[in-house]
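The values are calculated or read from the model by the stated rules, or taken from the named source; none is laboratory data. Keep in mind the model is a prediction, meaning the values are calculated, not measured. All Cβ positions, glycine included, derive from the backbone under ideal geometry; neighbour counts span all protein chains shown. The accessibility values were calculated without ligands, DNA or RNA, using every heavy atom of the protein model including side chains. Shrake-Rupley method; radii C 1.70, N 1.55, O 1.52, S 1.80 Å.
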Amino acid sequence: MSATQMQLGDVAVSIEDGIATLTLDRRPHNAITTETAVALAEFFRSAAERSDVRVVLLTAAGPIFCAGADIGDMSGIAERTTLDYRNGYTAHTKLFEAMWETEVPVISAVGGKVAGIGWMLALLADLVVADQDVRWTHTFTRRGMVPHAGDPYFLTRLIPFRRLMEISLLSDGVSGSTLEEWGIVNRAVPADAVVATARELAERLAVGPTRSLGMTKQLYRRALDLPIQAALTDERASVALIATTHDRAEGLAAFVEGRPPVFLGR
Amino acid sequence: MSATQMQLGDVAVSIEDGIATLTLDRRPHNAITTETAVALAEFFRSAAERSDVRVVLLTAAGPIFCAGADIGDMSGIAERTTLDYRNGYTAHTKLFEAMWETEVPVISAVGGKVAGIGWMLALLADLVVADQDVRWTHTFTRRGMVPHAGDPYFLTRLIPFRRLMEISLLSDGVSGSTLEEWGIVNRAVPADAVVATARELAERLAVGPTRSLGMTKQLYRRALDLPIQAALTDERASVALIATTHDRAEGLAAFVEGRPPVFLGR
Amino acid sequence: MSATQMQLGDVAVSIEDGIATLTLDRRPHNAITTETAVALAEFFRSAAERSDVRVVLLTAAGPIFCAGADIGDMSGIAERTTLDYRNGYTAHTKLFEAMWETEVPVISAVGGKVAGIGWMLALLADLVVADQDVRWTHTFTRRGMVPHAGDPYFLTRLIPFRRLMEISLLSDGVSGSTLEEWGIVNRAVPADAVVATARELAERLAVGPTRSLGMTKQLYRRALDLPIQAALTDERASVALIATTHDRAEGLAAFVEGRPPVFLGR
């Protein structure tokens with residue numbers, strides 16, 4: 001089967017063997033435009049409905065993974081009222097909400113520099129592979145800004161609090177190795193191993209029980225903010241739903257028969 | 001005083017010198033049956049009312065600490081509707097809720113392998129001692145399942161989020177040493193030191209101010225999910241209640257008199 | 001410009017070059033009296049309104065940073081009812097609430113021992129520099145007490161849960177080096193480098209975009225306890241407000257012009 005190709009704004013998508021490889025390419029900065037944010041958000045919202053996608057591998061072209069938002073044409077900015085500023089990042093916020101809620105497992109291969117909202121593009125994946133030597137910079141306070149597009153909500157859930165203060169207030173570069181030590185990324189590897197490591201993980205997940213993987217990560221993400229009884233109710237609904245899938249029956253049968261399971265992703 | 005002995009399903013209980021040693025023994029897998037879950041839950045609910053129990057030391061027999069749930073007789077499973085599946089783990093869920101809410105301090109000595117809901121049996125203790133070389137496996141997604149019996153709620157509170165994604169989606173074995181590095185267990189020690197290390201901790205807590213220890217850990221567990229004013233109200237009630245105990249008065253007197261306190265557990 | 005001096009209970013304040021240096025001095029224990037708590041709380045509440053304060057550097061005199069609360073005259077204690085005990089730490093609680101909510105960036109230089117509510121005085125700063133060799137002790141359960149004055153709420157948000165159990169239930173001394181490893185302080189340095197390291201950080205922040213730094217840390221602190229849509233609403237209001245500041249415009253202009261920004265703190 002040849003690869004399916006499509007374009008989501010500045011993101012090239014290639015789908016093959018269950019892996020949707022997304023490559024952001026708007027060099028040199030790989031800033032996310034509104035158009036890209038909208039298209040990418042829609043992709044994450046509907047990815048779980050595609051039978052050809054069992055995992056997303058998210059990467060970027062060039063030495064900068066993503067340096068932030070490109071809010072485009074600034075010509076209207078002089079007419080903006082203070083209140084208008086509240087809505088300056090709506091499309092980008094919706095992208096990160098979609099990444100947070102998506103059912104499809106996502107792996108990011110972060111070979112380049114990360115700045116601003118690029119932190120969310122990298123960290124909202126389920127598993128994150130980073131170049132051990134490349135430095136990420138939070139940037140917002142360097143420019144007199146406040147973090148936005150969901151950053152305060154998401155980063156408090158993904159970065160240990162004391163480290164987040166250091167990252168955001170000092171805005172110094174932090175290497176992939178340090179991010180791994182701090183529990184912020186899963187793997188920090190040499191530059192030439194970033195994509196290969198991430199792809200290997202993607203290949204593993206691509207033959208996994210897609211619904212089980214997807215519902216598992218969704219349960220965890222939602223449980224972060226649910227009180228216990230609501231989390232238990234949520235969990236019970238997922239237990240019932242997963243019982244209707246082929247892969248759940250296959251997982252049980254394979255276990256009973258002492259053989260490796262063959263998951264179909266449904 | 002000779003030891004008090006009792007049996008809670010597959011868990012043998014021996015109470016001596018303030019330490020209730022609980023040993024799960026349903027080898028080889030030490031899977032938790034519904035009967036064991038119910039009996040153990042009741043024990044954790046009422047343990048704080050027993051004057052002979054000042055700390056629980058939870059351990060298991062054999063090379064597997066706990067490999068998950070034994071949901072028993074599967075003969076009725078064919079008649080289960082999808083909705084019925086929601087209630088498949090009710091007894092086990094109640095066990096882990098009881099462990100989470102119990103006032104009595106709990107130490108787990110995890111010398112064997114851990115899988116599935118065994119993670120909660122091990123980690124819902126206040127202090128966890130693990131064999132540095134033994135690997136824990138989360139297992140759920142390996143079988144096409146979703147985590148259940150409280151796992152999404154509890155593990156998001158006990159395991160740093162990025163590590164939890166790795167543990168749950170890859171389901172690779174993670175050694176006790178790695179769990180210690182990741183802040184998931186308190187101590188990772190050689191196999192022959194697991195029980196001794198845990199027992200030493202239990203002996204320390206067994207002569208401690210039982211109510212103070214118990215109410216302290218309960219305050220922290222509840223505070224995880226309370227907004228600030230509710231947490232402060234909760235704290236103030238505990239401050240008042242602890243002021244009525246012998247051990248609080250003894251702690252103050254010993255401090256003023258510059259001598260070690262003699263706590264009685266009440 | 002010569003330094004502005006003032007006294008807040010037992011805390012000497014010296015304001016110079018945008019840095020308010022606060023030195024707690026009630027040796028030997030540096031216990032916080034009610035009077036000090038009230039004065040210090042008021043300072044943190046109003047600090048953001050002072051144009052001469054762009055960062056707070058919090059430190060203490062002598063070998064003990066802060067050993068807890070000094071609840072003062074105990075003569076009335078015999079008449080206290082159980083219910084009265086609920087209000088024993090009101091002033092101290094309000095101090096820590098004020099530190100948590102303050103807009104001004106705070107750096108603590110913790111050169112001495114820390115015990116009891118001293119943990120909050122040290123850790124409620126945004127960046128914490130500790131002596132690598134000095135041990136902190138939580139103390140509450142050693143005395144048969146429960147943690148109070150906000151400790152259950154704040155420490156669950158600032159200390160990884162498993163470590164918090166160890167710190168609170170065992171109440172052993174934990175060195176600055178270990179606290180750094182556990183992600184509880186930002187920097188653990190030799191004794192003679194504590195103040196210099198903290199001052200260097202303070203000097204950096206003192207020429208930073210004060211409002212951006214302050215609103216950033218407030219967004220993160222609030223986001224810890226907000227559901228996603230409330231956090232996004234909160235963020236959007238801050239984005240609009242920051243757009244009205246000199247420093248935001250300067251940050252943007254400097255970036256466009258490729259020069260270092262000159263922030264004025266407004």
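Miscellaneous remarks
- In segment A:216-241, the residues that are aliphatic (A, V, I, L, M), at the interface with another protein chain (Cβ under 7 Å from one of its Cβ atoms) and part of a helix (DSSP H, G or I): A:LEU219, A:ALA223, A:ILE228, A:ALA231, A:LEU232, A:ALA237, A:VAL239, A:ALA240
- Residue within segment A:158-165 that is of a type in the set (Val, Ile, Thr) and away from chain C (no Cβ under 14 Å) present: no
- Just one of the listed residues (C:THR139, C:THR93) is touching a residue at least 60 places away in the same chain (Cβ under 8 Å) and touching a Gly at 6+ places or on another chain (Cβ under 6 Å), and it is C:THR139.
- Test result for C:GLY62, part of a loop (DSSP other than H, G, I, E, B), closer than 27 Å to B:ARG236 by Cα and either among the hydrophobic types (A, V, I, L, M, F, W, C) or open to solvent by less than 70 Å² (accessible area, probe 1.4 Å) (or both): no
- Residues that are open to solvent by less than 10 Å² (accessible area, probe 1.4 Å) and either touching a Lys or Arg at 6+ places or on another chain (Cβ under 6 Å) or part of a helix (DSSP H, G or I) (or both) within segment B:94-126 comprise B:LEU95, B:PHE96, B:ALA98, B:MET99, B:GLY118, B:TRP119, B:MET120, B:LEU121, B:ALA122, B:LEU123, B:ASP126, listed in sequence order.
- Residue list for segment C:81-96, filter: in contact with a Phe, Trp or Tyr (Cβ under 9 Å, 6 or more places away or on another chain) and over 14 Å from C:ILE71 (Cβ atoms): C:PHE96
- Qualifying residue in segment A:193-200 (condition: more than 30 Å from C:GLU200 (Cβ to Cβ), facing another protein chain (nearest Cβ under 9 Å) and without any contact (Cβ under 8 Å) to a residue 40 or more places away in the chain): no
- Subset of segment A:82-93 (residues that are at the interface with another protein chain (Cβ under 10 Å from one of its Cβ atoms) and part of a helix (DSSP H, G or I)): A:LEU83, A:ASP84, A:TYR85, A:ARG86, A:ASN87, A:THR90, A:THR93
- B:ASP70 vs. criteria in contact with a His (Cβ under 8 Å, 6 or more places away or on another chain) and either closer than 18 Å to A:ALA240 by Cα or not hydrophobic (A, V, I, L, M, F, W, C) (or both): yes
- Qualifying residue in segment B:179-187 (condition: out of contact with any strand residue (DSSP E or B) (no Cβ under 7 Å at 6 or more places or on another chain), in the same structural domain as B:ILE15 (by TED's automatic domain parsing), hydrophobic (A, V, I, L, M, F, W, C) and surrounded by 24 or more Cβ atoms within 10 Å (Cβ to Cβ)): yes
- For segment B:232-240, the condition of being crowded, with 16+ Cβ neighbours inside 10 Å, among the small types (Gly, Ala, Ser) and more than 24 Å from C:PHE154 (Cβ to Cβ) holds for none of the residues.
- Which numbered condition B:ASN87 fails, given (1) open to solvent by 10 Å² or more (accessible area, probe 1.4 Å); (2) farther than 21 Å from B:GLY62 by Cβ; (3) modelled with pLDDT of 95 or more; (4) among the polar types (S, T, N, Q): (3)
- Residues that are open to solvent by less than 10 Å² (accessible area, probe 1.4 Å), aliphatic (A, V, I, L, M) and out of contact with any Gly (no Cβ under 9 Å at 6 or more places or on another chain) do not occur anywhere in segment C:241-263.
- Residues of segment A:1-49 satisfying the condition of being open to solvent by 50 Å² or more (accessible area, probe 1.4 Å), in contact (Cβ under 8 Å) with a residue 40 or more places away in the chain and either among the aromatic types (Phe, Trp, Tyr) or part of a loop (DSSP other than H, G, I, E, B) (or both): A:ASP17, A:ARG26, A:HIS29
- Enumeration of residues in segment B:127-142 that are surrounded by fewer than 24 Cβ atoms within 10 Å (Cβ to Cβ) and in a loop (DSSP other than H, G, I, E, B): B:GLN132, B:ASP133, B:VAL134, B:THR139
- In summary, C:SER175 fulfils each of the numbered conditions (1) within 20 Å of the chain's Cα centre (by Cα); (2) open to solvent by 10 Å² or more (accessible area, probe 1.4 Å); (3) within 10 Å of chain B (Cβ to nearest Cβ); (4) not β-branched (Val, Ile, Thr) with the single exception of condition (3).
- Filter result for C:THR139 (within 14 Å of chain B (Cβ to nearest Cβ) and either more than 11 Å from C:CYS66 (Cα to Cα) or over 17 Å from the mean Cα position of the chain (by Cα) (or both)): yes
- Extreme residue, surrounded by the fewest Cβ atoms within 10 Å (Cβ to Cβ), among residues of segment C:143-157 that are at the interface with chain B (Cβ under 7 Å from one of its Cβ atoms) and part of a helix (DSSP H, G or I): C:ARG143
- Residue check, C:SER168 touching a residue at least 60 places away in the same chain (Cβ under 8 Å) and crowded, with 19+ Cβ neighbours inside 10 Å: no
- Selection within segment C:201-215: residues that are surrounded by fewer than 19 Cβ atoms within 10 Å (Cβ to Cβ) and outside any loop (DSSP other than H, G, I, E, B). The member of this set that is nearest to the other protein chains (Cβ to nearest Cβ) is C:ARG204.
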